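Data block below; observations after.
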Amino acid sequence: MPNTPPWVEAALNERRQQSLLRQTVTLEGPQTPNATFANHQYKAFCSNDYLGLANHPELIRSLHESAHQYGVGGGSSHLVCGHLAPHQALEEALADWLGYERVMLFSTGYMANLGVISALAAKDRPVAQDKLNHASLLDGAVLAQAPLRRYLHGDVASAEKLLSKLATPGLLVTDGIFSMDGDLAPLAELSKLAARRDWLLMVDDAHGLGCVGEQGRGSLALENLDAESLPILVGTFGKAFGTSGAFAATSHAMADYLTQFARPYVYTTAMSPAIAGATLTALKLIQSAEGQARREKLAQHIAYFRHRLSQLPVKLMASNTAIQPIVIGESSTAIKVSDALKSLGIWCTAIRPPTVPVGSARLRITLSASHTDDDLVFLCDSLECVLTSLQ
Ligand SMILES: *Cc1c(COP(=O)(O)O)cnc(C)c1O
């Protein structure tokens with residue numbers, strides 16, 4: 001074994017002392033509300049499988065079928081020879097669903113955001129972002145070597161002030177639904193602001209697509225936006241779609257541009273064609289009556305959870321989505337709460353800085369259509385027990 005450099009040990013020790021060390025946990029079965037690890041069964045409330053599609057029999061069947069017909073590996077980037085029929089079919093179906101001219105697939109949401117922002121921003125095309133945007137959106141600006149400025153969370157006046165201070169227009173970027181808070185960005189107003197000042201609006205709707213809006217069309221539908229008022233929409237498949245990968249929806253011209261200049265699109269292997277096939281099946285489910293029923297079930301769970309929690313000594317956040325955080329504050333306390341829940345049979349990983357601002361460590365409770373009513377009762381009873389004893 002080579003010697004570990006001392007700065008590696010030092011960084012690890014620092015994280016450990018601050019209760020910030022992160023580690024993986026190995027699940028012994030599929031992603032469902034019934035998680036087994038270390039030989040114990042838990043009810044899980046921290047996955048992003050909001051509609052319960054990750055282990056859906058239709059998706060499993062579709063993955064098998066696509067693999068039989070098109071194989072497992074893409075074999076190359078989209079531009080060399082890795083763009084197969086299932087990729088094209090998925091792109092076209094997504095474009096139809098959302099009302100855009102073109103959709104481009106990416107291997108992950110992280111890469112879609114790096115790709116789009118690094119291609120569009122530059123030294124003289126700054127990036128303005130919400131303070132609570134996802135890390136991948138911030139990293140996109142770093143990759144672009146573009147000026148990155150951040151406005152107050154969800155605050156259009158703050159965004160306007162920021163834009164007015166910058167000499168040249170650039171890219172205005174926001175999450176649709178914020179990943180750690182669950183609230184919706186003021187998209188309609190941001191869209192007007194961008195149009196007024198000649199900035200390009202880009203929205204990452206990882207947590208909205210599939211879950212909210214008519215037909216599950218996401219934040220865009222909630223805020224009555226379209227391809228004109230929202231020129232670049234990024235979506236991901238790792239959450240409500242239950243698979244993996246991501247896409248950017250935009251115009252023909254912009255897609256042609258990104259095809260040349262988005263390096264995380266050009267220099268990477270296309271997603272597996274089998275995953276593309278399964279993702280198309282997920283999209284059809286999301287659009288179907290079953291998808292609608294799953295969204296309604298999820299909405300019921302959210303309403304029940306918020307009703308129960310409103311009777312407890314905690315501050316609920318302004319979220320009507322599957323993401324229902326309980327802010328605890330100190331990281332060490334958040335871990336204690338998470339451990340106490342675990343001893344009752346509930347799994348909800350504490351989310352700590354730097355994922356969330358210092359002093360706002362939290363339980364990021366996520367609900368899914370695959371939870372039962374009994375699961376919700378169990379969760380709320382357990383929270384009642386743990387949170388009241390914390391007082
Ligand atoms: C999860 C997430 C991503 C990253 O998507 P992956 O496909 O998991 O890489 C990007 N943006 C937001 C807002 C997310 O929540």
Would you mind getting me the FRET efficiency between Val8 and Leu143? Use the beta-carbon distance for r and R0 = 22 Å, nearest 0.05. 0.35
May I ask you to compute the full-extension gain from Gln300 to Asn224, defined as 0.36 nm times their residue separation minus their alpha-carbon distance, rounded to one decimal in nm? 25.0 nm
For Arg150, distant residues with modelled amide H under 5 Å away: Gln129
In whole Å and largest first, what semi-axes does the C-alpha gyration tensor of region 57-287 yield when each eigenvalue is scaled by 5 and square-rooted? 30, 19, 14
Could you run the Karplus curve 6.51 cos²θ - 1.76 cosθ + 1.60 with θ = phi - 60° over region 32-48 and give me ³J(HN,Hα) per residue in whole Hz, x for Gly and Pro? 9, x, 9, 9, 10, 8, 6, 6, 10, 9, 10, 8, 9, 10, 9, 8, 9
HN-Hα J couplings of region 54-67 from phi, Karplus 6.51/-1.76/1.60, θ = phi - 60°, integer Hz, Gly and Pro as x? 4, 10, 6, x, 5, 6, 5, 4, 5, 4, 4, 5, 5, 5
Which is farthest toward the positive dipole end of the chain among Ile335, Gly73, Phe237, measuring Cα position about the Cα centre, with Cβ charges +1 (Lys, Arg) and -1 (Asp, Glu)? Ile335
Computed FRET value (nearest 0.05) for Ala89 with Gln311, which takes r as the C-beta separation and R₀ as 41 Å: 0.25
Return the calculated 222 nm mean residue ellipticity for the chain, to the nearest 500 deg cm²/dmol, obtained by summing -39500 (n - 2.57) across DSSP H runs with n ≥ 4 and dividing by the residue count. -13000 deg cm²/dmol
Long pairs among Lys131/Lys192; Lys161/Lys192; Lys239/Lys336; Lys123/Lys165; Lys239/Lys284, criterion Cα-Cα beyond 18 Å: Lys131/Lys192; Lys239/Lys336
At 1.4 Å probe size, with the rest of the protein present, what percent of the exposed accessible area of region 57-287 is carbon and sulfur atoms? 54
In this structure, the FRET efficiency calculated for Arg197 and Thr269 from their beta-carbon separation, with R0 = 41 Å, to the nearest 0.05, is 0.60
Please list 38-49, 16-27 highest first by mean number of surrounding beta-carbon atoms within 10 Å per residue. 38-49, 16-27
Table column - 3J(HN,Hα) (Hz), region 197-205, Karplus curve with 6.51, -1.76, 1.60, x for Gly and Pro: 9, 6, 9, 8, 9, 10, 10, 9, 10
Taking the dipole of region 57-287 about the Cα centre (Lys, Arg +1; Asp, Glu -1; charges at Cβ), the one of Leu90, Pro264, Gln287 that reaches farthest to the positive side is Pro264
Dipole of region 57-287 [Lys/Arg +1, Asp/Glu -1 at C-beta], most positive-end residue of Ala278, Ser107, Pro126: Pro126
Residue-span extension gain [Leu390 to Gln41] - 0.36 nm each, minus C-alpha spacing: 123.2 nm
Using Cα-only point scatterers and the Debye equation, what is log10 of I(q)/I(0) for the chain at each q in 0.11, 0.12, 0.13, 0.14 Å⁻¹, rounded to two decimals? -0.84, -1.00, -1.16, -1.32
The chain, dipole about Cα centre (Lys/Arg Cβ +1, Asp/Glu Cβ -1), debye to the nearest 20: 920
If we sort 252-259, 375-382 on the protection proxy, mean other Cβ atoms within 10 Å, highest first, what's the order? 375-382, 252-259
Describe numerically, in nm with one decimal, the distance between label points set 7 Å from Cα along Cα→Cβ at Thr26 and at Ala293. 3.7
Calculate, for region 1-68, the solvent-accessible area per residue in square angstrom, rolling a 1.4 angstrom probe over the heavy atoms of the protein chains. 69
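The values are calculated or read from the model by the stated rules, or taken from the named source; none is laboratory data. Quick caveat, the model's predicted, so the values are computed rather than measured. Here the Cβ is made from the backbone with ideal geometry for all residues, glycine too, and neighbour counts use every protein chain on show. Only protein heavy atoms, including side chains, enter the accessible area calculation; ligands, DNA and RNA are left aside. Shrake-Rupley method; radii C 1.70, N 1.55, O 1.52, S 1.80 Å.
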